[in-house]
Structure formats: structure tokens, C-alpha cells
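Each value in this text was obtained by applying a stated rule to the coordinates, not by laboratory testing. Source: prediction; values computed, not measured. Neighbour counts run over all protein chains shown; Cβ positions are idealised from the backbone, glycine included.
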Amino acid sequence: MITLPGVKEILETKKVDEMDQIQRWTYDYVNKFSRISQKQAQKLVNELIEQCGLTEEEAVEVVNIMPSSLEEIRSFTFGWKKLILTSTSESILQKITSVNET
């Protein structure tokens with residue numbers, strides 16, 4: 001599992017001129033949608049796993065999407081086929097907000 005900031009960090013090791021078309025598209029995508037650094041992303045993934053009881057896959061999905069409201073969290077966690085308590089959703093949102101503020 002890898003976050004978008006992780007993909008960005010990997011692709012930044014290569015010159016854009018040396019990338020194939022798929023790599024350039026991916027690089028453009030992660031530049032537009034990566035909102036935090038790789039270090040922040042990894043820390044957030046670890047916090048979501050340890051403190052919110054998410055799996056690594058779920059935590060990476062949250063970090064990649066970086067939802068900004070409880071409604072957004074509910075909209076994609078619905079597909080996880082497990083009950084996410086409101087308190088857990090609020091904790092997830094609080095952790096995302098604290099990362100975005102730094």
C-alpha cells in the first residue's frame with residue numbers, strides 16, 4: 001500500500017523528460033492531488049491504524065482522499081462493509097484537520 005505523497009516522492013527521483021507517458025500522467029495526478037508530504041502521510045496512516053482501528057488499506061484510502069467533512073468520510077467508508085462509529089469518523093476528521101493545519 002502506498003499513499004499519493006509516496007508515489008509523488010518516488011516519481012520525483014526521475015526527470016520528467018525520462019518518464020514514459022503513464023508515469024507523466026501519474027506524476028501530474030499526484031502533483032494535483034497530494035496535499036501533504038510523504039512524512040506527514042505516513043504519520044497520519046500510522047495514527048489512523050493505531051488510534052482509529054483502521055486497516056492499512058483503509059488508512060491509505062483516507063490519506064489519499066483527505067476528506068474534509070463527516071459526510072465525505074461516510075460516503076466512502078460505506079463501501080468498507082463495516083460499521084464506523086460517529087466518534088471514529090470524528091477522530092479521523094480531527095486527525096486530517098490537524099495535519100492540514102500544519
Next item on the list: Output the residues belonging to the range 1-32 that are under 16 Å from Asn64 (Cα atoms), free of Cβ contacts under 8 Å to residues at least 40 places away in the same chain and either in contact with a Leu (Cβ under 6 Å, 6 or more places away or on another chain) or outside any helix (DSSP H, G or I) (or both).
Entry: Tyr27, Val30
Next item on the list: Of all residues in the range 27-78, count the ones that are touching a Lys or Arg at 6+ places or on another chain (Cβ under 8 Å) and under 25 Å from Lys15 (Cβ atoms).
Entry: 5
Next item on the list: Inspect the range 78-87 for any residue being more than 19 Å from Met1 (Cβ to Cβ), in a helix (DSSP H, G or I) and not polar (S, T, N, Q) and give the result as yes or no.
Entry: yes
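Name the single residue that is surrounded by the most Cβ atoms within 10 Å (Cβ to Cβ) among those in the range 60-77 being under 8 Å from the mean Cα position of the chain (by Cα) and under 19 Å from Glu101 (Cα atoms).
Here is the first cut: in the range 60-77, the ones under 8 Å from the mean Cα position of the chain (by Cα) are 60-66.
Keeping just the survivors that are under 19 Å from Glu101 (Cα atoms) gives 62-66.
Working: Val62: 23, Val63: 26, Asn64: 20, Ile65: 16, Met66: 18.
Per the criteria, the residue is Val63.
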Check: Residues of the range 81-98 being closer than 20 Å to Gln40 by Cβ and among the basic types (Lys, Arg), which ones?
Finding: Lys95
Note to self: List pairs: first residue in the range 79-98 and under 13 Å from Ile65 (Cβ atoms), second residue surrounded by 11 or more Cβ atoms within 10 Å (Cβ to Cβ) and among the small types (Gly, Ala, Ser) anywhere in the structure, Cβ distance under 6 angstrom, at least six positions apart or on different chains.
What the structure shows: none
Notebook entry, point to check: What number of residues in the range 83-102 are charged (D, E, K, R) and surrounded by 11 or more Cβ atoms within 10 Å (Cβ to Cβ)?
Noted result: 2
